[in-house]
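A.B. asks: Structure incoming, see below.
Derivation of every value follows stated rules applied to the coordinates shown; laboratory data play no part. Note that the structure is predicted; figures quoted are calculated from it, not measured. No Cβ is skipped: glycine too gets one built from the backbone with ideal geometry, and neighbour counts run over all protein chains shown.
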Amino acid sequence: MNIHRNANAKATPGPTTDADGAVNVNVGTIGILGAGQIGSQVARLAVAAGHDVVISNSRGPETLAGLVAELGPRARAATAEEAARAGDVVVVAIPLKNYAQVPVEPLAGKVVIDTGNYYPQRDGRIPELDDESTTTSERLQGRLPRSKVVKGFNHIYAHELTEHGRPAGTPDRRALVIAGDDAGAKAVVTKLLDAFGFDTVDAGLLREGWRIQRDTPGYGPRRNAEELRRDLAAAKRYVEM
Ligand SMILES: NC(=O)c1ccc[n+]([C@@H]2O[C@H](COP(=O)([O-])OP(=O)(O)OC[C@H]3O[C@@H](n4cnc5c(N)ncnc54)[C@H](OP(=O)(O)O)[C@@H]3O)[C@@H](O)[C@H]2O)c1
């Protein structure tokens, strides 16, 4: 494992809002829904970057004792509802088929990072994704109308999250795509990703998220920012493939 930050780092707690409404990027606690491949890796990055972590799964906090012991004193396990409530920023890292279980009210007003991808064999057929009339993260935004959903972490293999991060300014640093409708929320996520070891490429609004969906050129391979921008521009809809 190659997390470039050390566990003595200390994030400034609590988000604040400027007089002009811009969100400051002081994220203390990161709530995580899902403790599988992606959720556990985001938790490792968050702890290494100095954040507190509240992580959850579907079976209950007691089943996460081993992960929490590994993560150390900055992490605790909780129910999904508690993790959603505790997080200044909350990461949704559960299969798409379970999105109807994402708590709504505790996430109101918060930046919510959506890691989800659509795999019909896992998630079942979702007609509006099959016909590409919407995107995965727009669906989550629809469920969470008072949250600020940002698409993130969806196109990197989970294990690479702790292997490919590098300090800002490293030549050829890996970049990750974000998309979202709220510029302040995207600034928060960009700052987080930077602390986690990655450059960011903004694909635009949530509806542009299809450009980094499964089977697009940028989905999976290690890319720097310039390469990833090229991939986004070259992406094709499923109907065009
Ligand atoms: N794996 C990757 O490399 C990767 C990369 C990028 C994006 N993604 C995407 O990220 C999402 C998560 O993938 P994953 O690979 O991390 O899945 P995973 O390893 O199967 O883990 C899913 C996690 O979600 C939890 N969960 C399910 N329903 C929940 C609920 N209602 N509340 C809280 N937790 C719940 C599960 O808990 P239990 O075990 O207790 O059921 C489990 O911890 C998917 O959409 C996937 O396509 C995955």
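A.B. asks: Collect residues whose amide H, placed 1.01 Å from N in the peptide plane, falls under 5 Å from the amide H of ILE113; neighbours closer than 5 in sequence don't count.
C.D. replies: So ILE113 has HN proximity to VAL90, VAL91, VAL92, VAL150.
A.B. asks: List the residues of region 109-136 whose backbone N lies under 13 Å from a point placed 7 Å from the Cα of MET241 along the Cα-to-Cβ direction.
C.D. replies: Only 118-121, 130-132 pass the distance filter.
A.B. asks: With a point put 7 Å past each Cα toward its Cβ, work out how far SER58 is from ALA183 in nm, to one decimal.
C.D. replies: According to this spin-label approximation, the distance is 4.0 nm.
A.B. asks: Can I ask one more? Explain nothing, just compute: Karplus ³J(HN,Hα) = 6.51 cos²θ - 1.76 cosθ + 1.60, θ = phi - 60°, for every residue of region 94-107 in order, whole Hz, x for Gly and Pro.
C.D. replies: 10, x, 3, 5, 9, 5, 5, 8, 5, x, 8, 4, x, 9
A.B. asks: State the Cα centre-to-centre distance between region 157-182 and region 35-56 in whole Å.
C.D. replies: Going from one Cα centre to the other spans 15 Å.
A.B. asks: Positive end of the dipole of region 23-240, charges at C-beta (+1 Lys, Arg; -1 Asp, Glu), about the Cα centre: which of ALA84, ALA46, VAL150 has its Cα farthest in that direction?
C.D. replies: ALA46
A.B. asks: Given a Förster distance of 25 Å, report the FRET efficiency between ASP131 and ALA168 from their Cβ-Cβ distance, rounded to the nearest 0.05.
C.D. replies: E(calc), rounded to 0.05, equals 0.05.
A.B. asks: What ³J(HN,Hα) values, in whole Hz, does the Karplus curve 6.51 cos²θ - 1.76 cosθ + 1.60 give for region 79-92 when θ = phi - 60°, with x put for Gly and Pro?
C.D. replies: Whole-Hz 3J(HN,Hα) from phi for region 79-92: 6, 4, 4, 5, 5, 5, 6, 6, x, 6, 10, 10, 9, 9.
A.B. asks: Quick one: if you stick a label point 7 Å off each Cα along the C-beta vector at HIS159 and ALA234, how many nm between them?
C.D. replies: Once both label points are built, they end up 2.6 nm from each other.
A.B. asks: Give a residue-ordered list of calculated ³J(HN,Hα) values for region 38-45 (Karplus: 6.51 cos²θ - 1.76 cosθ + 1.60, θ = phi - 60°; whole Hz; x for Gly, Pro).
C.D. replies: Karplus-based 3J(HN,Hα) across region 38-45 equals 6, x, 5, 6, 4, 4, 4, 5 Hz.
A.B. asks: Looking only at trypsin sites (Lys or Arg not before Pro) in DSSP loops with at most 15 other Cβ atoms within 10 Å, what is the longest site-free stretch of the chain? Intermediate values should be presented prior to the final figure.
C.D. replies: Details: sites that count: LYS10, ARG59, ARG125, ARG146, ARG214, ARG222, LYS236, ARG237.
Longest gap between qualifying sites, sites excluded: 147-213.
A.B. asks: Using 1/(1 + (r/R0)^6) with R0 = 30 angstrom and r between the beta carbons of GLN101 and GLU226, what's the FRET efficiency to the nearest 0.05? Intermediate values should be presented prior to the final figure.
C.D. replies: Working: r = 39 Å, r/R0 = 1.28.
Here the calculated transfer efficiency is 0.20.
A.B. asks: Which residues in region 75-97 place their backbone N less than 17 Å from a point set 7 Å from the Cα of LYS191 along the Cα-to-Cβ direction?
C.D. replies: Label zone hits: 87-91.
A.B. asks: Report, in deg cm²/dmol and to the nearest 500, the calculated mean residue ellipticity at 222 nm for the chain, where each DSSP H run with n ≥ 4 adds -39500 (n - 2.57) and the sum is divided by the residue count. Spell out each step's value before the answer.
C.D. replies: Numbers: 8 runs with 66 residues, N = 241.
For the chain, the value works out to -7500 deg cm²/dmol.
A.B. asks: Here is a further query. Could you put PHE153, PHE196 in order, starting from the residue whose Cβ has the fewest other Cβ atoms within 10 Å?
C.D. replies: Numbers: PHE153 27, PHE196 23.
Fewest-to-most Cβ neighbours within 10 Å comes out as PHE196, PHE153.
A.B. asks: Name the lysines eligible as straight-distance cross-link partners of LYS186: C-alpha to C-alpha under 17 Å, and not fewer than 8 places from it in the same chain.
C.D. replies: LYS110, LYS148, LYS151
A.B. asks: I've got another one for you. Under 10 Å, Cα contacts only: if you run a Gaussian network model on the chain, which one of ASN98, ASN117, ASN57 comes out with the highest mean-square fluctuation?
C.D. replies: ASN98
A.B. asks: Tell me, ILE156, ILE30 in order of fewest to most beta-carbon neighbours within 10 Å?
C.D. replies: Working: ILE156 25, ILE30 28.
Ranking ILE156, ILE30 by Cβ neighbours within 10 Å, fewest first, gives ILE156, ILE30.
A.B. asks: Hey, can you grab everything whose amide H is under 5 Å from the amide H of ILE30? Only 5+ residues off in sequence or another chain; H modelled, so Pro and N-termini drop out.
C.D. replies: Amide H to amide H, under 5 Å and 5 or more residues apart or across chains, ILE30 pairs with ASP52, VAL53, VAL54, ASP88.
A.B. asks: Using modelled amide H (1.01 Å from N, peptide plane; none on Pro or chain starts), what sits under 5 Å from the amide H of ALA77, excluding residues fewer than 5 places away?
C.D. replies: Here ILE55 satisfy the definition.
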